[in-house]
Amino acid sequence: MSGWAQSKPLDMDKFNLNNLIRENIKDLKPYSSARDEYASLGSEMVFLDANENPNSNGVNRYPDPHQRSLKSILAKQKNVEESQILVGNGSDEILDLLFRTFCEPKKDNIISLPPTYGMYKVLAGINAIENREVLLNLEFQPDIETIISKVDSDSKLLFLCSPNNPTGNLIDTKKIEDLLIRFQGLVIIDEAYIDFSKTNSWVNKLSMYPNLVVTQTLSKAYGMAGIRLGMCFASEAIIDLLKKIKPPYNVNELTQKQAVNGVLDIAKVTNQVTEILTERQNLKEALREIPFIQNIYNSEANFLLVKVDDADMRYNQLLEQQIVIRNRSKQPLCDNTLRFTIGTPEENIKLIKALKVIK
């Protein structure tokens, strides 16, 4: 893991979380479910409180609304308190909760930095929030002064994806620290691909920045995209607000059990990440021999973005070879680019063979 640059913590007197919260959320009382009022401590109890079907089949009871077993493991692994963790139905649910907690429809705005993950823009539209887009520069790094010039008193959230999707690069640490200090809303760092990078997670900086929110997922390195489990790390105050509005049973029993098993098997995750990183390097070297590939962008994720001569044609040619990739050409600064997810060694060999035969 790489080290951190020296930085100064945000002046606590300048940041006021209460100023960011929607007024209707401040006094909201969350729904109290049966499992909120009584949680089993492992003893054999007769549960007649939640109108469940009493016949045991493994899923006849409501799941733990606070995912205590999973959070206990995550807290130890991430070196945070359980009170600093929220888990959701994928990271997308967590991002939506942030919008609904802090952004007043048709009044507030958010800042996003294309090319980036498309759900920030989608969620802004769903929640009737203005999305002020500031393009990354040609090195795919934030243009700090332009971002700050777009900010006003109604700017509530700033989204940074690092490593970034679809470009694969990390956002410069000093630029993120600058934004954390100067932006008086919440800075959300989306770390969906952090496990493929050698850098430290921003979870380690939560105590320094009260406006920092970090999201991660089990969909990528942990290989559990199908269970839809996202994680949010922030101050206890922010987590408590998000818990106010989350559905009481937002993470089902099967997902919780699978997630616990998955995060406990660190050796398997580590081995698979190591293989993916090796394959990423092998694929990168092989792509250099393909004549119509004009640029291979540096990546700290489980994919490579490449610039080609004609992305639409090459995309369709690979489809004819039964290989599905992603055409990212409609993204800003990504003209004629394709994104290759790193597959198994066998899948990557198929991709290279297909690229070599198409003309």
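For the chain, the longest principal axis of the Cα atoms and the long axis of helix 266-287 meet at an angle of about 20 degrees.
Bridging of residue 150 to aspartates and glutamates at a Cα separation below 14 Å is possible for 108, 130, 133, once same-chain residues fewer than 8 apart are set aside.
With r as the distance between the Cβ atoms of residue 68 and residue 243 and R0 = 22 Å, compute the FRET efficiency 1/(1 + (r/R0)^6) and round to 0.05. So, using R0 = 22 Å, E works out to roughly 0.95. Helix 90-102 and the longest principal axis of the C-alpha atoms of the chain enclose an angle of approximately 60°. Near residue 53, within a Cβ-to-Cβ distance under 15 Å, what is the net charge of the other residues, with Lys and Arg +1 and Asp and Glu -1? Net charge in that neighbourhood comes out at -2.
Checking the Cα-Cα distances for 78/156; 76/205; 175/220; 26/243; 29/205 against a 19 Å cut-off, the pairs over it are 78/156; 175/220; 29/205.
Once the C-beta distance of residue 59 and residue 79 is scaled by a Förster radius of 35 Å, the resulting FRET efficiency is 0.60 to the nearest 0.05. Of 292, 196, 102, which is the most mobile in a GNM of the chain whose springs link Cα atoms less than 10 angstrom apart? Fluctuation is largest for 292. Determine, from the Cβ-Cβ distance of residue 107 and residue 285 and an R0 of 35 Å, the FRET efficiency 1/(1 + (r/R0)^6), rounded to the nearest 0.05. Rounded to the nearest 0.05, the efficiency is 0.10. Lysine pair count for segment 267-357 (Cα-Cα distance under 26 Å; residues 8 or more apart in sequence or on different chains): 12.
Springs between Cα atoms under 10 Å define the GNM used for the chain, and in it the highest mean-square fluctuation of 247, 166, 142 occurs at 247.
For the chain, the percent of C-alpha pairs falling in each 10 Å distance bin, counted from 0 to the bin holding the largest distance, reads 5, 22, 30, 24, 14, 5, 1. Any aspartates and glutamates with Cα under 15 Å of the residue 359 Cα? List them, leaving off those in the same chain fewer than 8 positions away. In chain and number order, the partners are 289, 309, 310, 312, 320. Computed from phi, the 3J(HN,Hα) profile of segment 350-356 under the Karplus parametrisation 6.51, -1.76, 1.60 (θ = phi - 60°) reads 4, 4, 4, 4, 5, 5, 6 Hz, with x in place of Gly and Pro.
Quick note: the coordinates plus some simple rules give every number you see, no bench work behind them. Being a predicted model, the structure only gives us computed values, none of them experimental. In this analysis, Cβ positions are derived from the backbone assuming ideal geometry, glycine residues included, and neighbour counts consider all displayed protein chains.
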